[in-house]
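The values are calculated or read from the model by the stated rules, or taken from the named source; none is laboratory data. As the structure is a prediction and not an experimental result, all values here were calculated from the model. Backbone-built Cβ (ideal geometry, glycine too); neighbour counts: all protein chains shown.
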There are 2 protein chains.
Amino acid sequence: MARGSTRPTSRDVAEAAGVSQAAVSLVLGDKWRGRVSQPTADRVREAARQLGYRPNLAARNLRLGRTRTVLLVVPVLTTEFFAGVYTGAARIAAEHGFGVVLYPSPEGIGPARDPFASAQAALDGVIASSMAADALTAIRGDQLPLVMLDSDPEGSLGAATVNLDITDGIRQVTEHLLALGHRHFLHLAADVPSWTFDIRARELATRTATVPGTTVRTARAPITIEDARTATETALGAPGPRPTALVCDDDKLAAGAYKAIRRLGLRIPDDISVTGLDDLALATAIDPELTTVKLDAELFGERGMQALLAVLDGRTPQEGDIPVQLVVRGSTAPPSAS
Amino acid sequence: MARGSTRPTSRDVAEAAGVSQAAVSLVLGDKWRGRVSQPTADRVREAARQLGYRPNLAARNLRLGRTRTVLLVVPVLTTEFFAGVYTGAARIAAEHGFGVVLYPSPEGIGPARDPFASAQAALDGVIASSMAADALTAIRGDQLPLVMLDSDPEGSLGAATVNLDITDGIRQVTEHLLALGHRHFLHLAADVPSWTFDIRARELATRTATVPGTTVRTARAPITIEDARTATETALGAPGPRPTALVCDDDKLAAGAYKAIRRLGLRIPDDISVTGLDDLALATAIDPELTTVKLDAELFGERGMQALLAVLDGRTPQEGDIPVQLVVRGSTAPPSAS
DNA sequence: AGGAGGCCGTTATACGTAAAACTACATGCG
DNA sequence: CGCATGTAGTTTTACGTATAACGGCCTCCT
């Protein structure tokens, strides 16, 4: 409890155990077999325990030239989705003795600051979501090994990418709605500049184009429930035939759409079918439960981390998108005969 | 682009600019006024830019003996609430040149690992939520400056605490329901061992005890929508008079309760009133919108960080709980005459 | 007997940075 | 002139760790 006393160093431990600092390092680093006797090793460990010694990570990192720490750059942290990504990445990291530090891209933290200023930890590499676009320039400037999540493989010069098969997800959604008989779609698009959202619109367009007589309108909103509500309300209030199916870029947008639809006095799925994308807890909290596409966020995180470890190792990361799965619930049904 | 070439150091910059390493440190550290001439300073900065120099943080941290990095230990990262806490803490931290590193307490990352093993960053201090209970022993072992969020001020020997005024929140909820005429309560309690949940039950009990003829039953569930649903369903199916008001420990539990109530064929708020606590996005996504207590997560994070900065500075942190605010929405109404 | 090798350590060094201590020269002032 | 003050740097050192290089002593084999 001695106030002002500094943390014990390996030299303090050495003194207490009556050995040299090198011996302490060997013992605690588990490299002592054949170099230090059993009794001495025990004495060192006991002294370290008594003093409450913890190695100075800054010194270790400096000495070793690596930190076994990796940065995960994600957009706003407000969704379970990125929590899952983190969990998966951290699990794999832990298995390899790595740590993961989060940089939630700034939202009110100030003008698009460089992530390295905030996450001051010394880093071995970076995993970045393509949604955290503002941080990318800073990252690119650095020569740290980089893995991009959900990013255009063409556009991310050199950096390894790991992608969810969102295109297939939207295809499954579209097939499902077409099979139910829907022909008139409204696409509630996320107003976020990111490749992963661009391909949603693209796939919906190309898939419906193969069926004659289909129409697709588009509304656009930031990913908040309130914005989604107002956007949907104005879109559905527009003149012309009302769409019978509403395809949302993610579950949160769908939740907003639910509110708009209720306000307009319409029923789901009788008057209009709604689909989401993510399968958050939200999807089963709302009534009726949402037909959506399940994304395996943890697997996404795991694959991202594995890719980064591969890059750090000089190996080639595993290829192939991560499969996704349509989950049909109560928010979709055939269009009412009219 | 030279592959395998190592990152440039301040010595490389010095050589390129034709000065000593010390001069580089002075210039880039902004301590050069009166020590280095303007032209030389410019030359150094230009050389640093050209080489893409970034200081080695491990070395800087070692030299300075501090890292300007702080660890935020939170429970599962799946709620917006802790995202808000992070945002607030990071804002204040950035204003003081600090960084914040997150340690989401393990949930499938392995058996209650020591947070410092995962967040390998060298740290100046720690802010920990009392909900991340498993990590606390490891933290206590360390002698890092510590601030506890929502923790029993008596139990946290020495560590500074910053608390939301949850007691007042539950009091506001209870007053509201009593004023509406409710007398028979069901308390859906979070099955999490944490002081912040203990005081919810305590306050509900003491407040209702002042009004004759009130009853309080308790159901208990982990904080997931599914668990909350089953717990509520069995509790409401139990014999005896049905409660007319359901007080939930947080919004997520309330969302589960909604589903149970719908399954039982009851209506909110006609047959039963429901309240939450947090005011997440979820609260306005469900129908009817949830009467709940708004917690200012960002302010919570800000105050936590300010307290830690005070501790690091040898000052005494600001006293006083953070006020909370009841938000009345559509899920509460007078009990139906029966 | 003598040296080869195993055992049990120690001494010395480097990692990259910040900053204290020092040097060298010019200018101003009594 | 002699000394203080100011300018513009350089030299040197320390932070705490991991490990390469070194060295004594004992045993055992030929």
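Tabulated data for the structure shown
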item	result
Odd one out for B:G65, checked against (1) surrounded by fewer than 16 Cβ atoms within 10 Å (Cβ to Cβ); (2) within 10 Å of DNA strand D (Cβ to nearest atom); (3) farther than 25 Å from B:L312 by Cβ	(3)
Residue in region A:272-289 that is free of Cβ contacts under 8 Å to residues at least 24 places away in the same chain, over 27 Å from A:G84 (Cβ atoms), within 13 Å of chain B (Cβ to nearest Cβ) and not acidic (D, E) present	no
Count - residues of region B:236-271 that are over 21 Å from the mean Cα position of the chain (by Cα), in a loop (DSSP other than H, G, I, E, B) and in contact (Cβ under 8 Å) with a residue 40 or more places away in the chain	8
Flag for B:R7 being in contact (Cβ under 8 Å) with a residue 12 or more places away in the chain, away from every other protein chain (no Cβ under 14 Å) and either among the charged types (D, E, K, R) or near DNA strand D (Cβ under 9 Å from one of its atoms) (or both)	no
Output for region B:24-34, where each listed residue is more than 7 Å from DNA strand C (Cβ to nearest atom) and in a loop (DSSP other than H, G, I, E, B)	B:D30, B:W32, B:R33, B:G34
Subset tally (residues that are at pLDDT 80 or above and in contact with a Gly (Cβ under 6 Å, 6 or more places away or on another chain)) for region B:49-88	0
Region B:293-329, residues that are under 15 Å from B:P153 (Cα atoms) and either surrounded by 17 or more Cβ atoms within 10 Å (Cβ to Cβ) or in contact with a strand residue (DSSP E or B) (Cβ under 8 Å, 6 or more places away or on another chain) (or both)	B:G304, B:A307, B:P317, B:D321, B:I322
Filter result (within 12 Å of DNA strand C (Cβ to nearest atom), surrounded by fewer than 18 Cβ atoms within 10 Å (Cβ to Cβ) and part of a helix (DSSP H, G or I)) within region A:35-52	A:Q38, A:P39, A:T40, A:D42
A:Q38 within 8 Å of DNA strand D (Cβ to nearest atom), away from every other protein chain (no Cβ under 14 Å) and over 29 Å from B:G314 (Cβ atoms)	no
Any hit, region A:12-23, residues being more than 10 Å from DNA strand C (Cβ to nearest atom), buried (at least 18 other Cβ atoms within 10 Å of the Cβ), without any contact (Cβ under 8 Å) to a residue 60 or more places away in the chain and within 14 Å of another protein chain (Cβ to nearest Cβ)	no
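The rows are residues; the columns are (1) at pLDDT below 95; (2) more than 24 Å from A:S130 (Cα to Cα).
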| position | (1), (2) |
| --- | --- |
| A:R217 | no, yes |
| A:A231 | no, yes |
| A:P239 | yes, yes |
| A:A260 | no, yes |
| A:L280 | yes, no |
| A:D287 | yes, yes |
| A:T292 | no, no |
| A:F300 | yes, no |
